Amino acid sequence: MRKPSELRDLLEKSVPELKRNPERLLVFIDAGKVISTAVQGLSFMYTYTLNLIITDFAGDEDAIIVPLLAWLRVNQPDHFLNEASQAEGISFEVDLINNKAIDLSIRIQLTESVRVAIDEKPNKPGDYLATITHLNEPPLVEDRPDITHWQLIIDGSTVAEWDTPHPFKVD
């Protein structure tokens, strides 16, 4: 599974408070399943709930949600395309620690498709090679310019800033 570490890296780089205190970002994978069918080969899909917990966070929640949504547009675009994913794909809980800090738990439904191609080795009948490829999500179709750098400003202050590893288009 690659998406949890990619998202963790993005949040640690883009949210100044997490950049200074990366130990405040906890990442858990809950309710994981492997889905495979009887099609030729051993291809499968991971499906799971990613639980991000940000402890003792004194920043603006938008500084976490906006980079998260930008990442999801590339890495789980179905959350923007169908009603069921929009309604159930992202949820959160907040514990108010004091007047300045919260614990924020964000639960995201994620999937990852993995292609496993099985081919007989050349010149070795009976020996097989399994080639594993983690598939990217199909891109959203949009007509806006590509974006590679983000800066989130709230009330005149920069609260988050990051680069996307792959340019993508947004509304």
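The values are calculated or read from the model by the stated rules, or taken from the named source; none is laboratory data. Just so we're clear, the structure is a prediction, and the values are computed from it rather than from any experiment. FYI the Cβ positions are ideal-geometry reconstructions off the backbone, even for glycines, and counts take in every protein chain you see. We work out accessible area using only protein heavy atoms, side chains counted, and drop any ligands, DNA or RNA first. Shrake-Rupley method; radii C 1.70, N 1.55, O 1.52, S 1.80 Å.
Quick notes on this one:
- Residue count, the range 1-12 (criterion: touching a residue at least 40 places away in the same chain (Cβ under 8 Å) and surrounded by fewer than 16 Cβ atoms within 10 Å (Cβ to Cβ)): 3
- Failed criterion for V66 (all others in (1) surrounded by fewer than 14 Cβ atoms within 10 Å (Cβ to Cβ); (2) of a type in the set (V, I, T); (3) closer than 30 Å to D155 by Cα hold): (1)
- Residue, most open to solvent (accessible area, probe 1.4 Å), within the range 69-81, restricted to residues that are over 12 Å from K3 (Cα atoms) and assigned to a helix (DSSP H, G or I): L81
- Any hit, the range 90-113, residues being surrounded by fewer than 14 Cβ atoms within 10 Å (Cβ to Cβ), within 22 Å of K3 (Cβ to Cβ), modelled with pLDDT under 90 and of a type outside the set (G, A, S): no
- Within the range 22-52, the set of residues being modelled with pLDDT under 95, open to solvent by less than 80 Å² (accessible area, probe 1.4 Å) and of a type in the set (S, T, N, Q) comprises S36, S43.
- Within the range 24-43, residues that are within 13 Å of S113 (Cα to Cα) and without any contact (Cβ under 8 Å) to a residue 60 or more places away in the chain have Cβ atoms under 9 Å from residues that are assigned to a loop (DSSP other than H, G, I, E, B) and of a type in the set (S, T, N, Q) in these pairs: S36/S43; T37/S43, counting only partners at least 6 apart in sequence or on another chain.
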